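Below is one structure, written out as structure tokens, with a few remarks after it.
The values are calculated or read from the model by the stated rules, or taken from the named source; none is laboratory data. These numbers were taken from a predicted model, which means no experiment stands behind them. Neighbour counts are summed over all protein chains in view; Cβ atoms, including those assigned to glycine, are modelled from backbone coordinates with ideal geometry.
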Amino acid sequence: MTTDTDALNPELKAKHRKMWASGDYPDMVETFLTPLGPRLVEFCEIAAGERVLDVAAGTGNAAIVAAGTGANVVASDLTPELFEAGRGRAADAGVELEWAEADAENLPFEDARFDTVISSIGVMFAPHHQLAADEMVRVCRAGGKIGLLSWTPEGMIGALFRTMGQFMPPPPPGASPPPLWGGEDYLRELFGERVAFEKLERDVLEVTAFQRPDDYGEHFKQRYGPTIAARANAEKEGRAEEFDQALTEFCAEWNRGSEEDARFEMEYLLAVGRRAG
């Protein structure tokens, strides 16, 4: 188990949980993020009978699909407020899985419990990357798989976090930017010789759910915890209009469609490796 005092700070954890419980993340999943869960499960080749842990599972976008293969799945997240939507989706899909409140930096599971440990745009948002990576390795059995789907630093979400970063307070001690998880070399550094990555592949999520470019930004301002937090801090500093303008310019820059038919391409990295024996 992790013992780092900064990482285990209950005030930091409560703040992080509150951020992700704000807005309406389940609606974001339904609007345009749903394809990512099946993509990761397929990439990991999850099969019936496997013991699977989804770290920072959110509403279970990947976990529910994994359960549909016949795997024995635990969906864990620091923000259990997201589980209600997940349970509804699981019921609709006709699958059963376990839901567990858990901190990615201090997982409440015994060593080597799982055959496969996955995370789809989830664990990357744990502030202390090395601790989260260490925990994923710890709970995975020797020879088991670790599978990740993460936004890339060079892609649209990487750019979004750089844009929002201008308006956010300083990060907590030891925290690192989430999109770093989407870099191949960075993953190799995090996991070292403990995980041999067999497949590394970049792809894009095409988003056509928004009519105008700025509709994308408005969707994030209303539903996405990090964007809500960034704008709230900007407003506190008297920079709300500046934030809104920056987000409008960001949406225009990344729009690959037209002014009346927006289209965005959000790059992500898929990674699957084997835990060393």
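Worth a mention:
- Residues located in segment 213-226, provided they are in a helix (DSSP H, G or I) and touching a residue at least 40 places away in the same chain (Cβ under 8 Å): PRO213, ASP215, TYR216, HIS219, PHE220, GLN222, ARG223, GLY225, PRO226
- Number of the condition not met by TRP20 [criteria: (1) assigned to a loop (DSSP other than H, G, I, E, B); (2) of a type in the set (A, V, I, L, M, F, W, C); (3) within 20 Å of PRO127 (Cβ to Cβ)]: (1)
- Scanning segment 30-62 for residues that are in contact (Cβ under 8 Å) with a residue 40 or more places away in the chain, under 21 Å from ARG223 (Cβ atoms) and not in a loop (DSSP other than H, G, I, E, B) returns THR31, PHE32, LEU33, LEU36, GLY37.
- Residue list for segment 227-277, restricted to those being touching a helix residue (DSSP H, G or I) at 6+ places or on another chain (Cβ under 8 Å), part of a loop (DSSP other than H, G, I, E, B) and exposed (fewer than 15 other Cβ atoms within 10 Å of the Cβ): GLU259, ALA276
- A single member of PHE191, PHE210, PHE264, PHE243 is touching a Lys or Arg at 6+ places or on another chain (Cβ under 6 Å) and either aromatic (Phe, Trp, Tyr) or closer than 17 Å to THR163 by Cβ (or both), and it is PHE243.
- Single residue of segment 185-200 satisfying the filter (aromatic (Phe, Trp, Tyr) and under 18 Å from CYS140 (Cα atoms)) that is surrounded by the fewest Cβ atoms within 10 Å (Cβ to Cβ): PHE197
- Looking at ALA142, ALA175, ALA196, just one residue is in contact with a helix residue (DSSP H, G or I) (Cβ under 9 Å, 6 or more places away or on another chain) and either under 22 Å from MET28 (Cα atoms) or in contact (Cβ under 8 Å) with a residue 40 or more places away in the chain (or both), and that residue is ALA175.
- Pick from segment 64-85, criterion small (Gly, Ala, Ser) and outside any strand (DSSP E or B), ranking: farthest from the chain's Cα centre (by Cα): GLY70
- Selection of helices (runs of 4 or more DSSP H) fully inside segment 122-198 by the criterion of at least 2 residues being modelled with pLDDT of 95 or more and among the acidic types (Asp, Glu) returns 129-139, 184-191.
- Checked against the criterion of being in a strand (DSSP E or B) and of a type in the set (Asp, Glu), the candidates ASP111, ASP115 yield just one match: ASP115.
- Screening the candidates PRO80, PRO127, PRO38 for the property of being buried (at least 20 other Cβ atoms within 10 Å of the Cβ) and not polar (S, T, N, Q) yields one hit, PRO127.
- Across segment 227-250, the number of residues qualifying as in contact (Cβ under 8 Å) with a residue 24 or more places away in the chain and small (Gly, Ala, Ser) comes to 4.
- Residue tally, condition over 30 Å from ILE146 (Cβ atoms) and among the aliphatic types (A, V, I, L, M), over segment 245-277: 4
- Test: residue in segment 95-104 that is surrounded by 18 or more Cβ atoms within 10 Å (Cβ to Cβ), in a strand (DSSP E or B) and either among the aromatic types (Phe, Trp, Tyr) or over 16 Å from the mean Cα position of the chain (by Cα) (or both): yes
- Scanning segment 201-226 for residues that are farther than 19 Å from PRO26 by Cα and either in contact with a strand residue (DSSP E or B) (Cβ under 9 Å, 6 or more places away or on another chain) or buried (at least 16 other Cβ atoms within 10 Å of the Cβ) (or both) gives GLU201, ARG202, ASP203, VAL204, ARG212, PRO213, ASP214.
- Residue list for segment 79-131, filter: on the phi > 0 side of the Ramachandran plot and among the hydrophobic types (A, V, I, L, M, F, W, C): ALA112, ILE121
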